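Asker: Before I ask anything, here is the structure I am working with.
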Amino acid sequence: MELELRHLRVLCAIADAGSVGRAAAHLGYSQPAVSTQLRRIERHLGEPLFERGTAGVRPTPYGAEVVAQARDVLARADAIGHRPAAGPARSRRVLRVAATNSPMLSGAVSRLRTRLPDLSLALSSVYASSRIVELLEEGAVDAAIAADYPGMELRHSAAVRHRGIVTEPTFVALPSRHRLRQRAQVPLADLAEDAWFLTPDDGAGWPGVFYTACSAAGFTPVAVHEFLGDQTQLQSMIADGLGVSVVQPTLRPGPHVVVKPLAGTPLWCRYVLAWRPDTVADDLVEALFQSATAAYRDLVAQAPHLRTWASRLWSVAGA
């Protein structure tokens, strides 16, 4: 067989929906037809593209690469023959989006542009979730990806609504020669003598939740370096043994850095989609949400340390 655009659309629909059945409903096909199409595509490419589970499907690392390439091809195909009309430029809806430090942003934006090619996005990087709420309240932005923490949910007026995208555990990044590098999970108390790199106050509960967890583990960090910047630079400093850092579990470790779960999972973070209902319609909210969740599934597919942690958790829960 030869891959056609319809095959690429099937792959993207499955990745976005996280389920063959939901993808089939979105495409207007039967579930057996989509399942058969997926098997043919996988046979053609010679590798599985999705991992099957009780909760649905998620891309394999190879599948995530294929889906990303498929999205690029589809976006280029959709652009063929499109050119600005003569005369005054046709007005396009501009959606103003603010986002905190989240690796899902790039994938979410890419998917949203594929879904809604006539939508223009104006993106703003805003670290503090408290500031994101202010921008929404002021009407300076229409929608946002923000963060909060269990028991400290995002607070705002009735002019703003929010919906949880994902609640994820917080992991720790260590130098590959660290004394705890062989541990499957690292007790927070065993890091009492290490220096830490921490991001600044985000107005939503960080780093207070970190210090509370340290206190519960029986220690106060001996040294804290405030850092907000390039992840490559952070990992370089960790690799050099200058400290350790709590990190998002989807982080791809660089050379000489390992990422480990914290034993007992003392720290969690939730990413939320927030928006102004007076400027963002329900169908656009759903498109934003689906794009963000699909982007996160792709990140999980490329984070073996997170998948291993999750499989152990599910195994214990089902015991």
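Asker: Quick one: how many residues across the stretch 258-317 are part of a helix (DSSP H, G or I) and under 26 Å from residue 54 (Cβ atoms)?
Answerer: First, pick out the residues of the stretch 258-317 that are part of a helix (DSSP H, G or I): 282-301, 304-317.
Filter once more, so that each one left must be under 26 Å from residue 54 (Cβ atoms): 286, 289-301, 304-317.
The qualifying residues number 28.
Asker: Right, here's the next one. All but one of (1) surrounded by fewer than 18 Cβ atoms within 10 Å (Cβ to Cβ); (2) touching a strand residue (DSSP E or B) at 6+ places or on another chain (Cβ under 6 Å); (3) at pLDDT 90 or above hold for residue 94, so report the exception by its number.
Answerer: With (1) surrounded by fewer than 18 Cβ atoms within 10 Å (Cβ to Cβ); (2) touching a strand residue (DSSP E or B) at 6+ places or on another chain (Cβ under 6 Å); (3) at pLDDT 90 or above applied to residue 94, the lone miss is (3).
Asker: Turning to a different aspect of this structure: When only residues in the stretch 41-77 that are of a type in the set (Lys, Arg) and surrounded by 14 or more Cβ atoms within 10 Å (Cβ to Cβ) count, which is farthest from residue 293 (Cα to Cα)? I'd like the intermediate steps shown before the answer.
Answerer: Step one: list which residues in the stretch 41-77 are of a type in the set (Lys, Arg), which gives 43, 52, 58, 71, 76.
Next, only the ones that are surrounded by 14 or more Cβ atoms within 10 Å (Cβ to Cβ) stay: 58, 71.
Working: 58: 11, 71: 16 Å.
Selected residue: 71.
Asker: Among the residues of the stretch 254-265, how many are of a type outside the set (A, V, I, L, M, F, W, C) and either crowded, with 19+ Cβ neighbours inside 10 Å or touching a Gly at 6+ places or on another chain (Cβ under 6 Å) (or both)?
Answerer: Here is the first cut: in the stretch 254-265, the ones of a type outside the set (A, V, I, L, M, F, W, C) are 254-256, 260-261, 264-265.
This time we only want the ones that are either crowded, with 19+ Cβ neighbours inside 10 Å or touching a Gly at 6+ places or on another chain (Cβ under 6 Å) (or both), so: 260-261.
Matching residues across the stretch 254-265 total 2.
Asker: Could you list, ordered by first residue, the pairs with Cβ atoms under 9 Å in which the first is in the stretch 176-191 and closer than 21 Å to residue 210 by Cβ and the second is surrounded by 12 or more Cβ atoms within 10 Å (Cβ to Cβ) and among the aromatic types (Phe, Trp, Tyr), at least 6 apart or interchain?
Answerer: 185/309; 186/171; 188/219; 189/219; 191/219
Asker: Scanning for something closer than 24 Å to residue 130 by Cα and part of a loop (DSSP other than H, G, I, E, B), does the stretch 236-249 turn up at least one residue? Give the derivation first.
Answerer: Restricting attention to the stretch 236-249, the residues satisfying the condition of being closer than 24 Å to residue 130 by Cα are 245-249.
Subset that is part of a loop (DSSP other than H, G, I, E, B): 248-249.
The answer is yes, given that some residue of the stretch 236-249 is closer than 24 Å to residue 130 by Cα and part of a loop (DSSP other than H, G, I, E, B).
Asker: Can you tell me which residue among 173, 159 is over 30 Å from residue 308 (Cβ atoms) and either surrounded by fewer than 20 Cβ atoms within 10 Å (Cβ to Cβ) or outside the structural domain of residue 297 (by TED's automatic domain parsing) (or both)? Let's see the steps before the verdict.
Answerer: Values: 173 fails: over 30 Å from residue 308 (Cβ atoms).
Just a single option satisfies the conditions, and that option is 159.
Asker: Residue check, residue 239 against (1) touching a His at 6+ places or on another chain (Cβ under 6 Å); (2) of a type outside the set (Asp, Glu); (3) without any contact (Cβ under 8 Å) to a residue 12 or more places away in the chain, all met but one. Which one?
Answerer: Condition not satisfied by residue 239: (3).
Asker: Look through the stretch 42-62, keep the residues that are part of a helix (DSSP H, G or I) and modelled with pLDDT of 85 or more, and return whichever of them is nearest to residue 296 (Cα to Cα). Give the derivation first.
Answerer: First pass over the stretch 42-62, keeping only residues part of a helix (DSSP H, G or I): 42-45, 61-62.
Those left that are additionally modelled with pLDDT of 85 or more: 42-45, 62.
Working: 42: 22, 43: 26, 44: 27, 45: 24, 62: 16 Å.
Step by step, filter the stretch 42-62, then rank; the result is 62.
Asker: Can you work out which of the residues in the stretch 142-178 that are more than 28 Å from residue 278 (Cα to Cα) and among the hydroxyl-bearing types (Ser, Thr, Tyr) is nearest to the chain's Cα centre (by Cα)?
Answerer: Here the answer is 170.
The values are calculated or read from the model by the stated rules, or taken from the named source; none is laboratory data. Note that the structure is predicted; figures quoted are calculated from it, not measured. A quick note on method: Cβ atoms are made from the backbone with ideal geometry, for glycine too, and the neighbour counts reach across all protein chains shown.
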